[in-house]
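Q: Just dropping this structure here.
The values are calculated or read from the model by the stated rules, or taken from the named source; none is laboratory data. Just so it is clear, the model here is predicted, and its values are computed rather than measured. No Cβ is skipped: glycine too gets one built from the backbone with ideal geometry, and neighbour counts run over all protein chains shown.
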Amino acid sequence: MKYDYLIVGSGLFGATFAYRAMQAGKRCLVIDRREQLGGNVYCEDVEGIHVHKYGAHIFHTNDKQVWDFVNGLVPFNRYTNSPVANYKGKLYNLPFNMNTFYQMWGVITPEEAQAKIDEQKAEAVKALNGREPQNLEEQALTLVGKDIYEKLIKGYTEKQWGRACTELPAFIIRRLPVRMVYDNNYFNDAYQGIPIGGYNVLINKLLEGADCVTGVDYFTAKVSDVLHDFEDERLLKDAWREIADKMVFTGKIDQYYDYRFGQLQYRTVRFEQETIDTPNYQGNAVINYTEREVPFTRIIEHKHFEKFGAEVYANPKTVISREYSTEWQAGMEPFYPVNDARNAEIVTQYKALAAEENNVIFGGRLADYAYYDMAPVIQKVLQMSI
Ligand code: UDP
């Protein structure tokens, strides 16, 4: 009774790895500490609406191979992310584009908008005096200038990361496009959408044929918790080599090494979920609340990811989630790695140990301690030799 792979964690990395391994004729045992499969893309059905339990997931990629791969498993819908920012009751389109500039300054042509942005960023550009932006504040001010920074970036970012913009790396804000056209599509990628039927369909397809056991924590489970026919009381983490040739580990890398170099920090999100007796609460999937004084960062209305036009009204109810970004503590879900020098130094030490491992493959957000989107995770697995 031996597997080729024990896969710890059934999120996108683990599930895609399992799929590819099975295609290569390998046997996989997948375990997950949660009661369900899918990691953070898991959705729960509430009133017929797929609720993104661990935060909104919008699939987007420029990589045709990745897009074809996922669409070969489940077709994707035409959802296009166009979040709206609410600052003190006034609405602005995101990402920063001609609609935003019109709403902010009343400018109509790209030329007028560019002149306004140049004026807005002049002071910050001068202060840099030719050097690269050193932090998020400098980056934002030299990208879009002070009005947009103050109304749409500063409060939101400080709520999301719990740190001052001057203490955050510049690259975080470079994720956001700045466009001189009237285009509210949040992403620049060629392909985007949500799996028709929800993300669970994708996960179930990826894991079809694998032996999956949920509700078992790798660090505390006994062999008998995973292989029910065996009366083996040893801990799985000590005995797994007798069950599988190799292991794919997608959990927290610091925990894997028993925190010997210290604990890594994360940001997490608390979701305040509410079912409301109205078919359409906010008219969009994502509304960001960019002012500091509103305690949540955004409200997600889940039905808009999968229902369009008249379909929205076919269900008289809706489900929303208010997102409160907080510092992670033991027992919470670790969502975002914290990008600062201290954490970078710690993770480098863990990664050096990981590189020395035989027969253990690390991957995904938690094992790599990296701010990944979904598509790059799948892309990584597609490029591995399995
Ligand atoms: N951001 C912002 N205002 C917004 C939305 C985003 O300032 O209304 C900034 C913020 O610093 C955030 C970054 O842009 O951390 C990236 O946002 P994105 O939506 O890509 O983050 P995600 O939630 O997808 O990880």
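Q: So, in segment 106-156, exactly how many residues are farther than 19 Å from Y87 by Cα and either among the basic types (K, R) or not assigned by TED's automatic domain parsing to the domain that holds P169 (or both)?
A: Total satisfying the criteria: 4.
Q: Are there any pairs, at least 6 apart or on different chains, whose C-beta atoms fall under 7 Å, with the first in segment 232-252 and of a type in the set (A, V, I, L, M) and the second part of a loop (DSSP other than H, G, I, E, B) and modelled with pLDDT of 95 or more, and if so, which?
A: L236/Y218; L236/A221; M247/N359; V248/G363
Q: Considering each residue of segment 169-182, count those that are within 13 Å of the ligand (Cβ to nearest atom) and either among the charged types (D, E, K, R) or at pLDDT 95 or above (or both), and give that number.
A: Of segment 169-182, the ones within 13 Å of the ligand (Cβ to nearest atom) are 169-178.
Still in the running and either among the charged types (D, E, K, R) or at pLDDT 95 or above (or both): 174-175.
Final tally of qualifying residues: 2.
Q: Has segment 56-69 got at least one residue that is hydrophobic (A, V, I, L, M, F, W, C), surrounded by fewer than 23 Cβ atoms within 10 Å (Cβ to Cβ) and within 16 Å of the ligand (Cβ to nearest atom)?
A: yes
Yes/no per residue for (1) at pLDDT below 95; (2) under 24 Å from the mean Cα position of the chain (by Cα); (3) within 12 Å of the ligand (Cβ to nearest atom); (4) farther than 30 Å from Y266 by Cα:
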site	(1), (2), (3), (4)
F101	no, no, no, yes
W105	no, no, no, yes
E112	no, no, no, yes
E123	yes, no, no, yes
N129	yes, no, no, yes
Y149	no, yes, yes, no
R163	yes, yes, yes, no
E167	yes, yes, no, no
I194	no, yes, no, no
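Q: Considering only segment 366-377, I want to know if a residue exists there that is within 16 Å of the ligand (Cβ to nearest atom) and at positive phi. Spell out how you get there, then give the answer.
A: Start the filter on segment 366-377 by keeping residues that are within 16 Å of the ligand (Cβ to nearest atom), which leaves 366, 368-377.
Now restrict to residues that are at positive phi: 369.
Looking through segment 366-377, at least one residue is within 16 Å of the ligand (Cβ to nearest atom) and at positive phi.
Q: Quick one: is L366 crowded, with 20+ Cβ neighbours inside 10 Å and among the hydrophobic types (A, V, I, L, M, F, W, C)?
A: Yes; evaluated as a whole, the condition is true for this residue.
Q: Within segment 36-93, considering only strands (runs of 3 or more DSSP E) that don't extend past its boundaries, which have at least 1 residues that are more than 16 Å from the chain's Cα centre (by Cα)? Walk me through how you get there before you give the answer.
A: Values: elements: 43-46, 49-52, 59-61, 84-87, 90-93.
The qualifying strands (runs of 3 or more DSSP E) are 43-46, 49-52, 84-87, 90-93.
Q: Return yes or no: is G48 more than 15 Å from I300 (Cβ to Cβ) and either away from the ligand (no atom under 14 Å from the Cβ) or surrounded by fewer than 20 Cβ atoms within 10 Å (Cβ to Cβ) (or both)? So that I can check it myself, show each step before the final result.
A: Details: more than 15 Å from I300 (Cβ to Cβ): yes; either away from the ligand (no atom under 14 Å from the Cβ) or surrounded by fewer than 20 Cβ atoms within 10 Å (Cβ to Cβ) (or both): yes.
So G48 fits the description; yes.
Q: Quick check on F249: is it within 16 Å of the ligand (Cβ to nearest atom) and buried (at least 17 other Cβ atoms within 10 Å of the Cβ)? Before you say what the answer is, go through the steps one by one.
A: On the way: within 16 Å of the ligand (Cβ to nearest atom): no; buried (at least 17 other Cβ atoms within 10 Å of the Cβ): yes.
No.
Q: Checking the condition away from the ligand (no atom under 16 Å from the Cβ), of a type outside the set (K, R) and closer than 23 Å to K151 by Cβ, which residue from G309, G283 passes? Walk me through it before giving the result.
A: Numbers: G309 fails: closer than 23 Å to K151 by Cβ.
Exactly one residue qualifies, and that residue is G283.
Q: Please enumerate the residues belonging to segment 117-133 that are in a helix (DSSP H, G or I) and either surrounded by 18 or more Cβ atoms within 10 Å (Cβ to Cβ) or in contact with a Ser or Thr (Cβ under 8 Å, 6 or more places away or on another chain) (or both).
A: Residues of segment 117-133 in a helix (DSSP H, G or I): 117-128.
Those that are in a helix (DSSP H, G or I) and either surrounded by 18 or more Cβ atoms within 10 Å (Cβ to Cβ) or in contact with a Ser or Thr (Cβ under 8 Å, 6 or more places away or on another chain) (or both): I117, Q120, K121, A124, V125, L128.
Q: Identify, by number, the condition in (1) surrounded by fewer than 20 Cβ atoms within 10 Å (Cβ to Cβ); (2) out of contact with any Phe, Trp or Tyr (no Cβ under 6 Å at 6 or more places or on another chain); (3) free of Cβ contacts under 8 Å to residues at least 60 places away in the same chain; (4) farther than 23 Å from E158 by Cβ that F101 doesn't meet.
A: (1)
Q: Can you tell me which condition S325 does not meet? The list is (1) of a type in the set (S, T, Y); (2) touching a Lys or Arg at 6+ places or on another chain (Cβ under 6 Å); (3) at pLDDT below 95, and all the others hold.
A: (3)
Q: Let me ask another. Looking only at residues that are touching a residue at least 12 places away in the same chain (Cβ under 8 Å) and not in a strand (DSSP E or B) in segment 355-365, which one is farthest from the ligand (Cβ to nearest atom)?
A: The initial filter retains those residues of segment 355-365 that are touching a residue at least 12 places away in the same chain (Cβ under 8 Å), namely 359-365.
From the residues that got through so far, the ones that are not in a strand (DSSP E or B) too are 359, 363-365.
Details: N359: 33, G363: 19, G364: 15, R365: 11 Å.
Out of the qualifying residues, it is N359.
Quick grid of which residues meet (1) surrounded by 18 or more Cβ atoms within 10 Å (Cβ to Cβ); (2) free of Cβ contacts under 8 Å to residues at least 60 places away in the same chain; (3) out of contact with any helix residue (DSSP H, G or I) (no Cβ under 7 Å at 6 or more places or on another chain); (4) not assigned by TED's automatic domain parsing to the domain that holds G14:
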| residue | (1), (2), (3), (4) |
| --- | --- |
| V312 | no, yes, no, yes |
| N315 | no, no, no, yes |
| W328 | yes, no, yes, yes |
| E333 | no, no, yes, yes |
| N343 | yes, no, yes, no |
| L353 | no, no, yes, no |
